[in-house]
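The values are calculated or read from the model by the stated rules, or taken from the named source; none is laboratory data. Note that the structure is predicted; figures quoted are calculated from it, not measured. Because the Cβ atoms are built from the backbone with ideal geometry, glycine has one as well, and the counts that use them run over all protein chains shown.
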Amino acid sequence: MSSRPASGYFERWRSVAVPYIALRVGGQASEFLGFLILARRLEPSGFGQLSIAFLVCRYAGLIGDWGALTRGSRDVAASGRHGSPAAFVRHRTLVTVVMTLVAAGGFVATGWSQLVPTVAVILGLGLSRDWVALGREQGPRAATPAAVQGGVLLVASLAATSPASGAIAVGLGYGAAAITSIGLNPVSREGTESRNKAPAPWILLAVLAIQVTSTADTLLLGALRSSAEAGIYAAINRLPNAWIALLTALMFGALPITTRAMAEDPIAYQQLRRRSIRVSAVLGIAVALAAPIVYLLIPVLYGESYLDGQLPAVVLTVSTGVLTFSLPLHVFAVTTGRDRRYFALVGIGAVVNIGLNLLVIPRWGTVGAAAATLAAQALIAVLLWSQTIHPSAPAHEALHPATP
């Protein structure tokens, strides 16, 4: 067994994550500014329509992605233990094309044909190959498409004056990212013998459950209250989402490193786990304490028409602090390969979130939606802490779980 200290893996993580995060943050900042411009130009009602279409396409894109957004770099780093990357790409492409056609047809059938360009969000997620470069520890290559996406969306948003032109701006950004990602990350055709066997869907279902916990409240606000309230909520949620995007970049940068650490040095792996949780606890507290600042920022960023979003923004900021603390728990849960168990735990959080939203949104609107998200994130953190991460579990058990 290797005696390599955990610091060696931290150095490898920094060499991958620093350029990766820098480009991702740049891209996310540009995308945030683009959506900020769209929110101010379209007003709550128009931005609400665009946000609902965007979320529908995001859910469809996550289905097309089939969990690669979370598990892909782990699988590449695991050197084939989880199947063929080429077969995975082929399966994702097929599902993505189907979801794109279904979404486009749905928009036309429901009278929202002007929002059809948002289906490029499905292509941007489902055709992305950033996970291939990240699994190979090629940080800059993995993050360049995100930078392109944000930059194109920002520039295009400057010309948007309606939900239709806003949809075009979003579509151009995500479409450019898909093209860039495919061009930068060719995948060998070798190892396609499993082409007829669909990859296990547990991580896909886990990703969808996490998205439901984070964003389903916007859709329910539109259905149970109004598109204007959905627009306000979607706009204020952009602030915590920007931070979550940074955390996601940290998570993706860590997955290939923790996967290899588990195989090479279980002691170092446990050291990584303990240090990561200590750091995330400090960051989580800092984020929660920033809630009063966020309260004051809402009218400055979005204007007077978004004043009703100040209180729910405070609650969402505290919820983001909880998610910040729990990030390493998600990382190490995915690393172990116990995908079915991971889905079960985050799925419980999603079910609780939906149930609470149905109870509180009709009466308390955006504040109730934010409170439901906070409760669900806290529950997920507790479940992952108590049931998913077992420091005493043997490394070989985590690497070759009985129920992946």
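Points to keep in mind about this one:
- Residue in segment 270-314 that is nearest to GLY365 (Cα to Cα), counting only those that are surrounded by 14 or more Cβ atoms within 10 Å (Cβ to Cβ) and charged (D, E, K, R): ASP308
- Filter result for ARG129 (of a type in the set (D, E, K, R) and farther than 26 Å from GLY34 by Cα): no
- Test result for PHE47, crowded, with 22+ Cβ neighbours inside 10 Å and under 19 Å from ALA216 (Cβ atoms): yes
- Among the conditions (1) on the phi < 0 side of the Ramachandran plot; (2) modelled with pLDDT of 90 or more, the only one that ASP339 does not satisfy is (2).
- Selected residue (only one of VAL318, VAL334, VAL367 is farther than 18 Å from LEU219 by Cβ, assigned to a helix (DSSP H, G or I) and out of contact with any Phe, Trp or Tyr (no Cβ under 9 Å at 6 or more places or on another chain)): VAL318
- Qualifying positions in segment 234-244 - part of a helix (DSSP H, G or I), more than 21 Å from GLY347 (Cα to Cα) and out of contact with any Gly (no Cβ under 7 Å at 6 or more places or on another chain): ARG238, LEU239, PRO240, ALA242, TRP243
- Residue match in segment 225-232 (condition: part of a helix (DSSP H, G or I), of a type in the set (Val, Ile, Thr) and surrounded by fewer than 24 Cβ atoms within 10 Å (Cβ to Cβ)): no
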